[in-house]
Amino acid sequence: MPRFSPLSSPPNEVGAAYVESLEQIGEEEVKDRQFVTALARGLEILRAFTPQRPMLGNQELAASTGLPKPTISRLTHTLTRLGYLNYSERRGKYQLSTRVLALGFAALSNMGVRDVARPLMQELADYANVPVSLGSRDRLNIVYVEHCRSTAAVTLRLDVGSRLPMATTAMGRALLAALPEGERRYLMGHMAKREPEKWPRIQAGIEQALDEYHTHGFTLSIGDWDRDVNAVGVPLISPDGSGILAFNCGGPSFLLPRQRLLLDVGPRLVNLVRNVEAALLRR
């Protein structure tokens, strides 16, 4: 099946994000004496692997995390011995093992919202002829936890596990809109530190999305994540208090012009989320 490939690829989310989080680890250790820094660093190693970078060597991991290479070597050795990493002698690089995959599937299996939402997502994907996804926040990113494709021959190269930036995507903006103002401002402050030169434009896009959410009940991203991709997003506040998720419907701009998102697909996505909320309350 042909895939739609954005002309301008989304920025790599590895380097700066991991350095920032590891700097915060030191602060956490001072505040919380129960905080185990070695464990946190080991988990950061696992987080460095992405679908775009499935195999990494110690030098690449050191560059991504900001940790000294001797520390990286000890951590990768330990994670390999525990079965969370596999080492390729030929390439001199590591990749995640199926033991990590088992953890991910265990987490997904506990998300009952996926079972409720999946048939409704597929129905909308077939109607709109573009994918519909469900995501959860991961620091300053959104990670897909469910993804329903349409039957269209032209689609985006995304799936469960895909990680996208919060700041420029409809899904990320929807989640920001549903957060308490203090938490939203805190996250936006870290976004500004990550990309200071682009921040005025990014901030304007977020503020506009917040206005759209208050007016229409959904957020838009019109060429903000990628110039050829438009999307609409709607948040879901879990009835059981487990957190905030977000749905999106997005695809090539020629299939999803702004007016179609505003007048058709956006309201349908809002209705989908309301139906999911009602179903979850009945469980």
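One table, with the values for the structure above:
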item	result
Those strands (runs of 3 or more DSSP E) lying entirely in segment 217-283 with at least 3 residues aliphatic (A, V, I, L, M) and in contact (Cβ under 8 Å) with a residue 40 or more places away in the chain	229-237, 244-252
The listed residue being assigned to a helix (DSSP H, G or I), of a type in the set (Asp, Glu) and under 19 Å from the mean Cα position of the chain (by Cα), out of GLU212, GLU183	GLU183
Hits in segment 124-171 (condition: charged (D, E, K, R) and part of a strand (DSSP E or B))	ARG137, ASP138, GLU146, ARG163
Selection within segment 237-264 - at pLDDT 95 or above, surrounded by fewer than 24 Cβ atoms within 10 Å (Cβ to Cβ) and in contact with a Leu (Cβ under 8 Å, 6 or more places away or on another chain)	ARG258, LEU262
Residue in segment 146-183 that is farthest from SER238 (Cα to Cα), counting only those that are among the β-branched types (Val, Ile, Thr) and modelled with pLDDT under 90	VAL154
Qualifying residues in segment 138-185 (those that are touching a residue at least 40 places away in the same chain (Cβ under 8 Å) and of a type in the set (Lys, Arg)) - the one nearest to ILE202 (Cα to Cα)	ARG173
Given (1) farther than 14 Å from ALA209 by Cα; (2) surrounded by fewer than 20 Cβ atoms within 10 Å (Cβ to Cβ), number of the condition LEU179 does not satisfy	(1)
Selection status of LEU134, modelled with pLDDT of 90 or more and not basic (Lys, Arg)	yes
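The values are calculated or read from the model by the stated rules, or taken from the named source; none is laboratory data. For clarity, every value in this text was computed on a predicted model and none was experimentally measured. Note that we place each Cβ from the backbone using ideal geometry, even for glycine, and neighbour counts take in every protein chain shown.
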